[in-house]
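The values are calculated or read from the model by the stated rules, or taken from the named source; none is laboratory data. Fair warning: this is a prediction, and the values are worked out from it, not measured in the lab. So basically every Cβ, Gly included, is an ideal-geometry build from the backbone, and we count neighbours across all protein chains shown.
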Amino acid sequence: MKRAATASSVSPGEPAASIASITLTAPVFVDTSVLILSEDGADPIRREQVMRWLRLLWQQRLGRVSSQVLNDFYRGITARIAPPMPNGDARAEVRRYQRWAPWAIDHATVESAWSLESRFALPYADALIVAAAKAQGCETLLSLTLPHGQLYDSIAIVDPLRALPAGVDGASVPVSSSQAVAP
């Protein structure tokens with residue numbers, strides 16, 4: 001399988017021209033933190049960067065999530081952002097992301113997560129997310145909380161504020177998709 005790649009690392013406040021580009025070759029798993037930021041109006045610049053990713057994932061039908069992510073997303077947008085989203089609106093958003101074929105956490109996923117937890121010293125909740133991404137054949141996991149550039153087995157962590165998918169306005173020249181993500 002090919003792995004997505006970035007060319008460089010930048011801070012979220014740097015101009016878009018210096019943000020690395022990622023060529024998408026497989027489904028992309030989206031972490032709870034990214035989905036919550038897409039609904040949080042507190043930082044419109046960061047929100048727009050995340051929205052670029054999500055729009056492309058919808059257009060190319062490459063977005064993936066898990067039942068864990070959707071449950072945490074619902075809790076987050078109804079309680080952790082200000083103002084909180086009304087429950088009915090939050091339910092509608094969760095239903096929309098149901099189209100991304102959420103992975104149901106099963107025994108095999110738990111076993112995989114325990115292995116990842118042990119080998120990489122990951123918190124269990126994060127290990128479950130990486131395990132769900134692996135189970136869905138993803139190569140890239142968008143996350144604001146896991147370390148950008150980290151590789152967990154076959155899953156490359158990408159901070160959507162530090163890289164854009166190739167072909168999106170503001171992305172630099174695409175990098176070969178056969179390289180690993182650079183921290």
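Going through (1) assigned to a loop (DSSP other than H, G, I, E, B); (2) at pLDDT below 95; (3) touching a helix residue (DSSP H, G or I) at 6+ places or on another chain (Cβ under 9 Å) one by one, P174 falls short only on (3).
From the list R96, R64, R80, pick out the single residue that is in contact with a strand residue (DSSP E or B) (Cβ under 8 Å, 6 or more places away or on another chain) and within 24 Å of E39 (Cα to Cα).
Working: R96 fails: in contact with a strand residue (DSSP E or B) (Cβ under 8 Å, 6 or more places away or on another chain); R80 fails: in contact with a strand residue (DSSP E or B) (Cβ under 8 Å, 6 or more places away or on another chain).
Only one candidate passes the filter, namely R64.
Looking only at residues that are of a type in the set (S, T, Y) and under 17 Å from L144 (Cα atoms) in segment 31-73, which one is surrounded by the most Cβ atoms within 10 Å (Cβ to Cβ)?
By that ranking, first place goes to S66.
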